[in-house]
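Asker: Right, I'll just put the structure down here and ask away after.
The values are calculated or read from the model by the stated rules, or taken from the named source; none is laboratory data. Predicted, not measured: the structure shown is a model, and the values here were computed from it. Note that we place each Cβ from the backbone using ideal geometry, even for glycine, and neighbour counts take in every protein chain shown. Ligands, DNA and RNA are excluded from the accessible area calculation, which covers all protein heavy atoms including side chains. Shrake-Rupley method; radii C 1.70, N 1.55, O 1.52, S 1.80 Å.
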Amino acid sequence: MEVLLYTILTLCVLGVLAAVILYFVAQKFRVEEDPRIDEVEKMLPGANCGGCGFAGCRGMADALVKRDDISELFCPVGGGDCMKAIAAYLGKAAAEKQPEVATVRCGGTCEKRPRTNEYNGAKSCAVAASLYAGETGCAFGCLGLGDCVAACAFDAIHMNPETGLPEVDPDKCTACGACVKACPKMVIELRKKWPKNRAVYVSCVSKDKGAVVMKACKAGCIGCGKCEKVCAFGAITVENNLAYIDPQKCKLCRKCVNECPTGAIKLVGMDPLPKEPKAPAAPKAAPAAEKVAPAAPKAAPAAEKAVEKAAEKAAPAAEKAAPKTAPAATKEPSHES
Amino acid sequence: MKTFPMGGVHPSENKLSSAKPIEVLPLPEVVNIPLAQHIGAPAVAKVAKGDKVLTGQLIAEAGSFMSANIHAPISGTVTAVDMVANGQGLRQMMITIKREGDEWAEGIDRSETLVKECSLSAQEIIAKIKEAGIVGMGGATFPTHVKLSIPAGKKAECVIINGVECEPYLTSDHRTMLEHGEELVVGVTILMKAVGVDKAYIGIENNKPDAIAHLSKIAAQYKGIEVVPLKVRYPQGGEKQLIAAVTGRQVPPPPALPIDVGAVVCNASTTFAVYQAVQKGMPLIQRVVTITGKNLKEPKNLLTRMGTPVSALIAAAGGLPENAGKVINGGPMMGRAMVNLDSPVTKGCSGITVMSEQDARRREASQCIKCAKCVSACPMGLEPYFLSKMTQKKNWDELEARMITSCIECGCCQSTCPAYLPLLDWVRLGKQTVMGRIRARAAAAPKK
């Protein structure tokens with residue numbers, strides 16, 4: 001009985017002693033931290049996506065509190081409202097950024113861009129890109145192995161098994177830029193987010209010459225420059241055989257969409273402009289549900305027809321080449337025994 | 001029998017064409033010559049569209065010290081200097097020449113006579129090699145004149161000729177050693193003179209007893225040249241593995257080079273090219289290419305002009321078989337699968353391997369069970385399973401600390417993996433990224 005008593009007493013004394021020591025040590029070595037950091041962290045979305053450039057929201061909160069000028073810092077997930085609230089709390093001027101959305105600039109679906117070989121290596125775009133041009137004749141487009149999907153922390157980008165291309169859910173996308181960084185082909189771009197998710201953009205990144213593009217893909221930009229001429233706002237530039245629509249200058253007038261002979265300019269969330277009077281019953285895109293409108297297929301200015309013909313000519317040639325180039329492209333040691 | 005100390009595998013050799021004498025491939029009608037077919041800066045084109053060129057004429061000049069000259073492999077008209085798809089489907093700058101006859105530039109001796117004496121100084125020899133645009137023909141395509149220019153403060157002790165040809169299927173070096181043995185050994189004496197040493201070893205694996213016997217007989221007539229038979233083991237043809245096998249010396253990890261242990265290694269075909277360049281004035285415009293594969297009608301060794309489309313070689317070997325699944329530029333271990341058979345033969349292309357669909361297909365990968373077979377197979381003493389995992393996690397600092405830059409991409413890890421994991425795919429990506437980071441850091445660092 002006595003043993004038990006002494007044991008309990010000893011332990012109690014030890015505990016109190018340790019508590020006292022710990023109390024003084026904690027006082028002595030206390031880390032002074034601005035309590036506002038905790039507050040700001042609470043105001044941030046807590047996604048820890050790294051879209052701001054910091055490892056997590058805590059890092060961002062720390063920087064927001066400590067830096068005098070926070071105009072360079074921006075949380076893409078929380079957006080303008082979140083930044084305003086934080087700036088008001090800290091009494092600093094917030095960065096103002098328009099909302100953006102990730103945009104996949106490749107229209108090379110399985111149908112429009114036939115496969116010429118089979119990739120059999122590690123399932124990663126980064127690996128495939130380090131080895132060769134890809135499963136199709138286009139060396140610039142989407143590889144379709146889903147590095148962007150794996151990078152997304154918001155479940156906002158998914159592969160469409162029918163097209164073999166990733167699709168962004170604009171309502172879930174926070175424009176954190178993780179997919180942009182993950183894509184080895186630099187196919188994804190952060191573009192201005194219009195109301196109702198409207199958009200006009202060139203859905204191609206190929207810098208190949210027109211003839212080469214036509215051979216590899218029926219939906220590629222051939223750099224013909226028609227869109228550049230028709231644009232009234234100077235928003236379109238053609239460089240290295242590739243058109244680019246500046247989202248800051250574009251007014252969504254949609255004139256370029258009808259001009260594009262290959263349908264590389266994509267129109268999202270809007271009906272296309274009415275065609276030439278000859279073809280009033282041009283197929284209209286199902287309004288909001290189907291987001292990507294079929295771009296100008298039938299109503300044909302002469303040039304467009306010529307291009308189509310060229311595409312037809314190119315097609316059999318590509319087929320002929322197909323069995324020749326069938327071997328899968330990977331650099332690998334064989335497993336034969 | 002000698003071999004390297006660590007790791008390695010022994011894949012089935014499949015040297016189908018080892019008994020086939022070298023044949024001359026008919027001249028191609030059109031050639032495409034890439035400006036970058038060596039390690040270092042691409043060459044700078046010296047010709048433009050419409051120019052007439054002669055066989056052996058300089059058409060592109062080395063872009064820097066670490067670069068190599070390129071000569072016209074056929075005579076004719078330059079029809080384009082433009083971007084053309086290479087074997088990987090990527091566009092790169094190439095000079096296209098359409099053939100008209102076969103007229104050679106002056107000063108090239110095409111006779112078979114053996115010229116043994118070489119009265120040139122070391123500097124003159126290296127200048128001739130540089131002029132001829134010779135690069136390592138085993139596959140790494142390192143400019144030979146750079147290798148022979150010993151940096152100040154370092155000293156070469158021996159020349160090692162790489163006649164190992166450890167890659168399965170390939171036999172181009174083997175045939176060169178058998179059919180051009182005399183010239184090759186003269187080439188060795190020239191290399192010895194160029195780097196100022198009196199000892200040379202010719203390393204040959206003992207699955208080529210005929211080459212060992214042939215070269216030993218010739219080498220006996222010269223002083224200081226020794227043929228070293230080696231135990232068959234892949235990747236013995238790797239520079240560092242060969243040095244370890246022959247001399248027992250271990251090259252320290254990068255940035256150390258073979259010269260740090262006093263060795264200068266040169267491939268057998270390259271040595272023959274050196275002989276031709278120095279003694280005959282012949283630039284590097286042709287090479288022996290093995291065209292091989294189990295289902296190919298006639299595996300062959302073809303003396304091919306640079307820039308010849310790969311499809312021409314396949315046609316010469318009886319055409320692509322029905323069940324062809326993969327065409328590889330190189331051998332099955334280190335080679336690169338091709339998506340474009342119209343792409344040209346380059347200086348580093350020692351063979352074309354055609355594999356059947358069944359042989360070529362990788363098996364479904366499962367989970368790593370940490371059996372460490374890859375670790376014991378790695379000839380560089382790395383941990384491939386770990387490097388592969390860290391690449392997937394993008395942990396570049398860890399990869400750098402674990403010496404990923406030492407990887408020689410031999411593929412032993414992947415070929416032994418019982419889970420069929422694509423280890424090398426990942427490790428190669430990690431190595432590329434880490435090397436890019438090291439270069440970026442060096443460029444950003446203030447110059448001293």
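Asker: Find out how many positive minus negative residues lie around A:VAL180, taking Lys and Arg as positive, Asp and Glu as negative, among other residues whose Cβ is under 13 Å from that of A:VAL180.
Answerer: Combined, the nearby Lys, Arg, Asp and Glu give +1.
Asker: Moving to a separate point now. Which whole DSSP H helices in chain B pass both tests: a Cα extent of 20 Å or more along the axis and a mean Kyte-Doolittle value no lower than -0.5? Spell out each step's value before the answer.
Answerer: Working: long enough: B:181-195 (21 Å, 1.35); B:423-444 (31 Å, 0.10).
Going by DSSP H runs, the hits are B:181-195, B:423-444.
Asker: Whole percent per 10 Å bin, from 0 to the bin with the longest distance: what is P(r) over all C-alpha pairs of segment B:373-444?
Answerer: 23, 53, 20, 4, 0
Asker: When a/c is below 1.5 the answer is rounded, else prolate if a/b is larger than b/c, else oblate, so apply that to segment A:35-90 with a ≥ b ≥ c taken from the square roots of the Cα gyration tensor eigenvalues. Could you put the intermediate results ahead of the total?
Answerer: Values: a/c = 1.26, a/b = 1.18, b/c = 1.07.
Rounded.
Asker: Mind running the shape call on chain B? Use the C-alpha gyration tensor, a ≥ b ≥ c as the square roots of the eigenvalues: rounded below 1.5 for a/c, prolate if a/b tops b/c, oblate otherwise.
Answerer: Details: a/c = 1.32, a/b = 1.18, b/c = 1.11.
Rounded shape, in that the Cα axes give a/c under 1.5.
Asker: Ranking request for peptides B:248-254, B:66-72, A:114-120: highest mean number of other beta-carbon atoms within 10 Å first, then the rest in descending order. It would help to have the intermediate numbers written out before the result.
Answerer: Numbers: B:248-254: 13.7, B:66-72: 25.1, A:114-120: 20.0.
With the highest mean Cβ count within 10 Å placed first, the list reads B:66-72, A:114-120, B:248-254.
Asker: If you don't mind, there's one more thing I want to ask. List the chymotrypsin sites (Phe, Trp or Tyr not before Pro) within segment A:12-48 that fall in a DSSP loop (any state other than H, G, I, E or B) and whose Cβ has at most 12 other Cβ atoms within 10 Å.
Answerer: Numbers: sites: A:TYR23, A:PHE24, A:PHE29; in loops: A:PHE29.
Sites meeting the loop and neighbour criteria: A:PHE29.
Asker: Whole-Hz ³J(HN,Hα) for each residue in segment A:229-242, computed from phi via Karplus 6.51 cos²θ - 1.76 cosθ + 1.60 with θ = phi - 60°, x for glycine and proline: what do you get?
Answerer: Per residue, the Karplus-derived 3J(HN,Hα) values read 5, 7, 6, 7, 10, x, 7, 10, 10, 10, 9, 6, 6, 9 Hz.
Asker: With a ≥ b ≥ c taken as the square roots of the eigenvalues of the C-alpha gyration tensor of the protein assembly as shown, please select rounded if a/c is under 1.5 and otherwise prolate if a/b is larger than b/c or oblate if it is not? Mind showing how you got there, number by number?
Answerer: On the way: a/c = 2.18, a/b = 1.29, b/c = 1.70.
Here the protein assembly as shown falls in the oblate category.
Asker: For B:ILE95, enumerate residues with amide H under 5 Å from its amide H, sequence gap 5+ or separate chain, H modeled in the peptide plane.
Answerer: Under 5 Å from the amide H of B:ILE95 lie the amide H atoms of B:ILE33, B:LEU35, each far enough along the sequence or on another chain.
Asker: Can you pull the percent of segment B:373-444's accessible area that's carbon plus sulfur, 1.4 Å probe, other chains left in place? If you can, show how the numbers build up before the last one.
Answerer: Details: 1720 of 3110 Å².
Whole-percent figure for carbon plus sulfur exposure: 55.
Asker: Along each of its three principal axes, how wide is the spread of alpha-carbon positions in segment B:223-283, in whole angstrom units, largest first?
Answerer: The principal-axis extents, from largest down, are 37, 29, 26 Å.
Asker: Excluding residues fewer than 8 places away in the same chain, name every one of the aspartates and glutamates whose C-alpha is closer than 13 Å to that of A:LYS209.
Answerer: A:GLU239, B:ASP82
Asker: Under 4.7 Å Cβ to Cβ, no partner at all: give me those cysteines from chain B, in residue order.
Answerer: So far as the 4.7 Å Cβ criterion goes, B:CYS118, B:CYS158, B:CYS166, B:CYS266, B:CYS349, B:CYS368, B:CYS371, B:CYS378, B:CYS407, B:CYS410, B:CYS412, B:CYS417 stand without a partner in chain B.
Asker: Ok, one more. What order, most packed first, do the peptides A:139-149, B:8-18 have when packing is the mean number of other Cβ atoms within 10 Å of each residue?
Answerer: Numbers: A:139-149: 23.1, B:8-18: 19.4.
Ranked by mean Cβ neighbours within 10 Å, highest first: A:139-149, B:8-18.
Asker: Cα-Cα over 31 Å: which of A:LYS215/B:LYS431; A:LYS172/A:LYS215; B:LYS20/B:LYS217; B:LYS2/B:LYS193; B:LYS208/B:LYS373? Working shown, then result.
Answerer: Numbers: A:LYS215/B:LYS431 34 Å; A:LYS172/A:LYS215 36 Å; B:LYS20/B:LYS217 22 Å; B:LYS2/B:LYS193 27 Å; B:LYS208/B:LYS373 29 Å.
Violating the 31 Å limit, Cα to Cα: A:LYS215/B:LYS431; A:LYS172/A:LYS215.
Asker: Name the long-range amide H neighbours of B:MET137: under 5 Å, sequence gap of 5 or more, or other chain; modelled H, no Pro or chain starts.
Answerer: So B:MET137 has HN proximity to B:ASN267, B:THR270.
Asker: Additional query: Take every residue in peptide B:84-96, count the Cβ atoms of other chains within 10 Å of its Cβ, and give the average of those counts. Spell out each step's value before the answer.
Answerer: On the way: counts 0, 5, 2, 3, 7, 13, 6, 7, 0, 0, 0, 0, 0.
Averaged over the peptide's residues, the number is 3.
Asker: Sticking with this structure for a sec: Any chance you could run the full-extension gain for B:GLU226 through B:LYS98? It's 0.36 nm times the residue separation minus the Cα-Cα distance, nm to one decimal. The partial results should precede the final answer.
Answerer: Numbers: separation 128, 0.36 × 128 = 46.08 nm, distance 4.46 nm.
Difference between extended and current length: 41.6 nm.
Asker: Keeping all protein chains in place, calculate the accessible area per residue for the protein assembly as shown (probe 1.4 angstrom), answer in Å². Present the calculation step by step, with values, prior to reporting the outcome.
Answerer: On the way: 36510 Å² over 785 residues.
Here the per-residue accessible area is 47 Å².
Asker: At 0.36 nm per residue, and after removing the present C-alpha to C-alpha distance, how many nm does the segment from B:ALA41 to B:GLU29 gain when stretched out fully?
Answerer: 1.5 nm
Asker: Quick one: 3J(HN,Hα) in Hz for segment A:78-83, Karplus 6.51/-1.76/1.60 with θ = phi - 60°, rounded, Gly and Pro as x.
Answerer: Values per residue, Gly and Pro as x: x, x, x, 5, 4, 5 Hz.
Asker: Taking amide H atoms as placed 1.01 Å from N in the peptide plane, list the residues 5 or more away in sequence, or in a different chain, whose amide H sits under 5 Å from that of A:THR136.
Answerer: Residues meeting the amide H criterion: A:THR116.
Asker: What ³J(HN,Hα) values, in whole Hz, does the Karplus curve 6.51 cos²θ - 1.76 cosθ + 1.60 give for segment B:225-233 when θ = phi - 60°, with x put for Gly and Pro?
Answerer: 10, 10, 8, 10, x, 10, 5, 5, 6
Asker: OK, next. State which entries of B:LYS15/B:LYS130; A:LYS185/B:LYS389; A:LYS112/A:LYS226; B:LYS155/B:LYS223 exceed 31 angstrom in Cα-Cα distance in the structure shown. Spell out each step's value before the answer.
Answerer: Values: B:LYS15/B:LYS130 33 Å; A:LYS185/B:LYS389 23 Å; A:LYS112/A:LYS226 21 Å; B:LYS155/B:LYS223 20 Å.
In this structure, B:LYS15/B:LYS130 exceed 31 Å between Cα atoms.
Asker: Okay, next question. Let me know the Kirkwood hydrodynamic radius for segment B:209-253, please, with Cα pairs as the basis and the value in Å to one decimal.
Answerer: Details: mean 1/r = 0.0838 Å⁻¹.
Computed over Cα pairs of segment B:209-253, the Kirkwood hydrodynamic radius comes out at 11.9 Å.
Asker: State, in square angstrom and to the nearest 100, the accessible area buried between chains B and A, both chains counted, probe radius 1.4 Å. List each step's numbers first, then the result.
Answerer: On the way: alone 19690 and 19980 Å², together 36510 Å².
Summing both sides, the interface buries roughly 3200 Å².
Asker: What order, most packed first, do the peptides B:172-179, A:98-105 have when packing is the mean number of other Cβ atoms within 10 Å of each residue? Let's see the in-between values first.
Answerer: Numbers: B:172-179: 25.2, A:98-105: 20.5.
Listed from highest to lowest mean packing, they are B:172-179, A:98-105.
Asker: Averaged across the residues of B:319-325, what count of C-beta atoms belonging to other chains lies within 10 Å of each residue's C-beta?
Answerer: On the way: counts 0, 4, 0, 0, 0, 4, 5.
Taking the mean over all residues of the peptide, I get 2.
Asker: Computing the accessible area with a 1.4 Å probe over protein heavy atoms, can you report the carbon and sulfur percentage for segment A:99-191? Show your work: numbers first, answer last.
Answerer: Numbers: 2030 of 3730 Å².
Here it works out to 55 percent.
Asker: Under 15 Å Cα-Cα from A:LYS181, which aspartates and glutamates qualify once same-chain neighbours fewer than 8 residues away are excluded?
Answerer: A:ASP147, A:GLU189
Asker: On average, how many beta carbons from a partner chain sit within 10 Å of the beta carbon of a residue in B:360-368?
Answerer: Mean partner-chain Cβ count within 10 Å for B:360-368: 3.
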